[in-house]
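Please treat every number below as a calculation from the coordinates, not as lab data. Every value quoted in this text rests on a predicted model; they were computed, and no experiment measured them. No Cβ is skipped: glycine too gets one built from the backbone with ideal geometry, and neighbour counts run over all protein chains shown.
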Amino acid sequence: MLSGLMSLVVVGSIAFDAVKTPFGERERMLGGSATHFSLAASFFTDVRVVGPVGDDFGEAEYAVLHDRGVNTDDIEHVPGGKTFFWAGEYEWNLNIRHTLDTQLNVFGDFEPKLSEASTQASTLFLANIQPDLQREVRRQCTGAKLAALDSMNYWIETTRDSLLRTIETVDMVLMNDDEVRMLTEQPTLLRGARQLMELGPRVVVVKQGEYGASLFTEESFFSLPAYPLETVIDPTGAGDSFAGGLLGYLDASGSADDEISLRRALTYGSAVASFWVEEFGCERAARLTREEIDARYEAFRQMTSIEGVPAA
Ligand code: AMP
């Protein structure tokens, strides 16, 4: 049996992105939520990626994943198909992003059929994609001890009920602050997080872009700022690489129940995401090392500690 081995499986978009930021643009680069996530998680654990691609997805794209050891056996090549395409533009305030185009292409009629190894992975991440697909993958992943989900405004607007049903099936939700507000229609994040937990998940992680991330459980709260960067070139993939670091660490550690592991995971996620945004798309991943991630983890520890600083 394969269960017992630590591994992480992710389903989500595998994409080509066109991105414009105030600091430059790329007309066509490798992207997609599952791509960013799997590259980031590969610094911590074994990763398998699930999703369809078209004829335009070639050796060069596979090589980016293989060079980081990501298992692509469950990437399905659809003959005659075109890979998911997304175009977006960022304002000077890089927290504000406009989607210019979303073409589902091969995701339009994708029916996931996971390999035995993927269904038995210890951790499952349902990255941003159509929630019906997320739920179908959740159903197949009988070996997952920890299942988490991300989504975005596009799916909240078009498939809200399906998304809510998918949330019922996971242990952890990771979403942007705006998206939590949009989905729950609650005025504060605490209330929004509570409402999501009432659906089933026991952990809610709220991503707040440049301002960091917060973690809610029934008994606890933890929050970190984003790593202070002099230069941010492209925020695309920040959320997915954050999730990849967070869940990659949790999968490797084998425990997602205790407060220390969750705090450490949030910090690893934040450290990984801080590298991602320093270059376009997932370009930084190829040169990134675990040592660099650990050094930034340590910087976070020093930057955020108020131990030994009692009230005056
Ligand atoms: P983020 O981490 O939120 O910056 O995610 C960026 C990635 O999400 C890009 O590489 C896009 O290809 C992908 N993406 C954008 N819109 C969607 C969508 N509606 N569904 C799935 N993936 C998307």
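Summary of computed values
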item: Flag if Ile75 is more than 19 Å from Thr159 (Cα to Cα) and without any contact (Cβ under 8 Å) to a residue 12 or more places away in the chain; result: no
item: Every residue from segment 273-312 that is among the hydroxyl-bearing types (Ser, Thr, Tyr) and either exposed (fewer than 12 other Cβ atoms within 10 Å of the Cβ) or without any contact (Cβ under 8 Å) to a residue 40 or more places away in the chain (or both); result: Thr289, Tyr297, Ser305
item: Single condition Leu8 does not satisfy, out of (1) away from the ligand (no atom under 14 Å from the Cβ); (2) under 25 Å from Glu210 (Cα atoms); (3) buried (at least 16 other Cβ atoms within 10 Å of the Cβ); result: (2)
item: Pair list, Cβ under 6 Å, 6 or more apart: segment 83-104 residue without any contact (Cβ under 8 Å) to a residue 60 or more places away in the chain, other residue more than 10 Å from the ligand (Cβ to nearest atom); result: His98/Glu89
item: Hey, Gly244 part of a helix (DSSP H, G or I) and within 16 Å of the ligand (Cβ to nearest atom) or not; result: yes
item: Subset of segment 117-132 [closer than 21 Å to Ser162 by Cα and touching a strand residue (DSSP E or B) at 6+ places or on another chain (Cβ under 7 Å)]; result: Leu124, Phe125, Leu126, Ala127, Asn128, Ile129
